[in-house]
Amino acid sequence: MNNFDAYRIFEENGKSIGKLVQLSLDDLDAGEVVIRTHYSGVNYKDALAATGAGKVIRRFPCVGGVDVSGVVESSLDVRFKAGDQVLVTSYDMGVAHDGGFAEYVRVPADWVVPLPSGLTLFDSMVLGTAGFTAALAIHRLEQNELTPAKGKVIVTGATGGVGSLAVRMLSQLGYHVVALTSKSSETEYLRGLGAKEVLLRSDVDLTSKRPLEKALWAGALDAVGGETLAWLARTVQQDGAIASFGNAGGAELHTTVFPFILRGVKLLGVDSAATPMPLRKQMWLRLASDLHVNDLEKIAHRISLTQLPQACSTLIDGTSRGR
Ligand SMILES: NC(=O)c1ccc[n+]([C@@H]2O[C@H](COP(=O)([O-])OP(=O)(O)OC[C@H]3O[C@@H](n4cnc5c(N)ncnc54)[C@H](OP(=O)(O)O)[C@@H]3O)[C@@H](O)[C@H]2O)c1
């Protein structure tokens with residue numbers, strides 16, 4: 001096999017620097033399955049890794065890209081054979097194992113998910129970790145008795161990768177979705193995804209010191225953390241639930257116990273990386289069926305490896321939209 005292009009992240013003078021390099025298969029981390037990449041996606045975590053804005057990368061140098069979809073080139077594991085369409089999301093990809101920003105990827109067979117019928121390789125990467133996380137957050141809320149009849153569901157960081165997909169999936173499931181965003185220019189985009197209401201961060205007082213406020217939401221999906229998550233805790237209604245999966249606005253959480261002991265609010269953690277394979281496969285089947293998003297092109301745009309640095313910086317400064 002000839003050398004191929006890869007976007008590898010190096011550490012130089014204590015800083016992370018992504019570079020387009022040529023690699024051979026022997027340069028990649030070990031694994032039983034070699035995949036010829038068709039698509040990857042750019043997640044917030046990828047941007048943190050590539051720019052060094054967050055300490056998510058655990059091994060230098062490392063090819064970036066927490067997600068990949070493609071076709072099996074070769075496999076030492078009987079579960080996969082050359083020509084199979086597959087995808088991999090998270091595990092150590094792109095942070096401690098060479099990831100999806102390369103023409104070839106080599107991974108342990110235990111990480112590989114067969115592409116479910118009903119999804120294309122492109123669709124699976126518009127979804128990627130973002131869509132998988134949105135599905136998992138919805139699943140966690142439903143396991144905790146959220147239904148459309150219970151009331152409104154709010155999605156924060158709504159124009160982001162996870163947020164956009166969550167808005168779309170929830171609206172398809174019949175929920176009354178409220179999108180919270182910092183971008184007034186994206187109101188129509190969010191309504192187009194199915195949001196019934198769009199709330200601007202600048203119109204909401206997130207800083208109140210009151211332990212509880214007017215109960216508004218049956219459920220919440222939070223990409224932002226920090227004062228936004230604290231506000232959600234104060235405004236979720238009796239027995240409602242919050243799925244917390246992100247920290248785009250801050251990692252700290254200052255709240256009181258009152259939402260939990262006076263309203264029975266549930267705070268549910270969502271960790272896509274450690275999802276066991278049976279649940280992982282179940283979520284991908286849902287992404288191909290009841291959570292299927294038809295017009296994924298609407299929230300995605302294609303870029304090449306050379307455009308990755310720009311894509312990563314717009315994610316870090318919060319000005320990107322969709323995938
Ligand atoms: N737990 C998991 O398994 C898991 C999996 C995937 C992602 N995540 C995390 O989930 C979050 C979202 O990921 P993503 O891929 O959707 O990222 P993204 O595409 O960058 O979206 C994040 C969104 O959050 C909002 N935002 C950004 N900076 C902000 C700030 N300083 N204050 C308030 N809001 C801000 C913006 O939306 P608006 O302008 O619309 O408000 C932005 O579009 C990240 O923290 C990521 O690390 C976790």
Of residues in segment 155-186 being buried (at least 24 other Cβ atoms within 10 Å of the Cβ) and β-branched (V, I, T), the one nearest to L229 (Cα to Cα)
T156
So, in segment 136-177, exactly how many residues are outside any strand (DSSP E or B), polar (S, T, N, Q), within 11 Å of the ligand (Cβ to nearest atom) and touching a strand residue (DSSP E or B) at 6+ places or on another chain (Cβ under 7 Å)?
1
Hey, any hits in segment 233-246 for a residue that's part of a helix (DSSP H, G or I) and hydrophobic (A, V, I, L, M, F, W, C)?
yes
When you check D92 against the structure, is it within 18 Å of the chain's Cα centre (by Cα), more than 15 Å from the ligand (Cβ to nearest atom) and either over 26 Å from I299 (Cβ atoms) or charged (D, E, K, R) (or both), yes or no?
no
Selection from segment 197-234 of residues within 21 Å of R140 (Cβ to Cβ) and away from the ligand (no atom under 11 Å from the Cβ) yields A215, L216, W217, A218, G219, A220, A230, W231, L232, A233, R234
Would you confirm, using the coordinates I've provided, whether L253 is more than 19 Å from Y44 (Cα to Cα), assigned to a helix (DSSP H, G or I) and not aromatic (F, W, Y)?
no
Among residues of segment 272-323 being hydroxyl-bearing (S, T, Y) and modelled with pLDDT of 90 or more, the residue nearest to G41 (Cα to Cα) is S304
Checked A288, A251, A241 against criteria (in the same structural domain as L141 (by TED's automatic domain parsing), touching a Leu at 6+ places or on another chain (Cβ under 7 Å) and either within 19 Å of A166 (Cβ to Cβ) or within 11 Å of the ligand (Cβ to nearest atom) (or both)); the one match is A241
Scan (1) closer than 19 Å to L315 by Cβ; (2) surrounded by 15 or more Cβ atoms within 10 Å (Cβ to Cβ) for the single condition K19 breaks and write down its number.
(2)
Taking into account only those residues within segment 27-70 that are among the polar types (S, T, N, Q) and either within 16 Å of the ligand (Cβ to nearest atom) or not in a strand (DSSP E or B) (or both), which is surrounded by the fewest Cβ atoms within 10 Å (Cβ to Cβ)?
T51
Consider only pairs whose beta carbons are under 7 Å apart and that are at least six residues apart or on different chains; among these, list those whose first residue lies in segment 182-193 and is of a type in the set (D, E, K, R) and whose second residue is within 10 Å of the ligand (Cβ to nearest atom) and part of a loop (DSSP other than H, G, I, E, B).
K183/T159; E186/T159; E186/R321
Within segment 270-278, can one find any residue that is touching a residue at least 12 places away in the same chain (Cβ under 8 Å), under 23 Å from K183 (Cβ atoms), of a type in the set (A, V, I, L, M) and surrounded by fewer than 13 Cβ atoms within 10 Å (Cβ to Cβ)?
no
Candidate set from segment 187-196 (those that are modelled with pLDDT under 95 and surrounded by fewer than 24 Cβ atoms within 10 Å (Cβ to Cβ)); member that is farthest from the ligand (Cβ to nearest atom):
G192
Scope segment 299-311; condition more than 18 Å from F132 (Cα to Cα) and either touching a helix residue (DSSP H, G or I) at 6+ places or on another chain (Cβ under 8 Å) or of a type in the set (F, W, Y) (or both); matching residues
I303, L308, P309, A311
Taking segment 118-165, which residues are more than 18 Å from the chain's Cα centre (by Cα), small (G, A, S) and at pLDDT 95 or above?
A149, G151
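The values are calculated or read from the model by the stated rules, or taken from the named source; none is laboratory data. Since we're looking at a predicted model, the values are computed, not measured. Don't worry about glycine lacking a Cβ; one is built from the backbone with ideal geometry, like all the others, and counts go over all protein chains shown.
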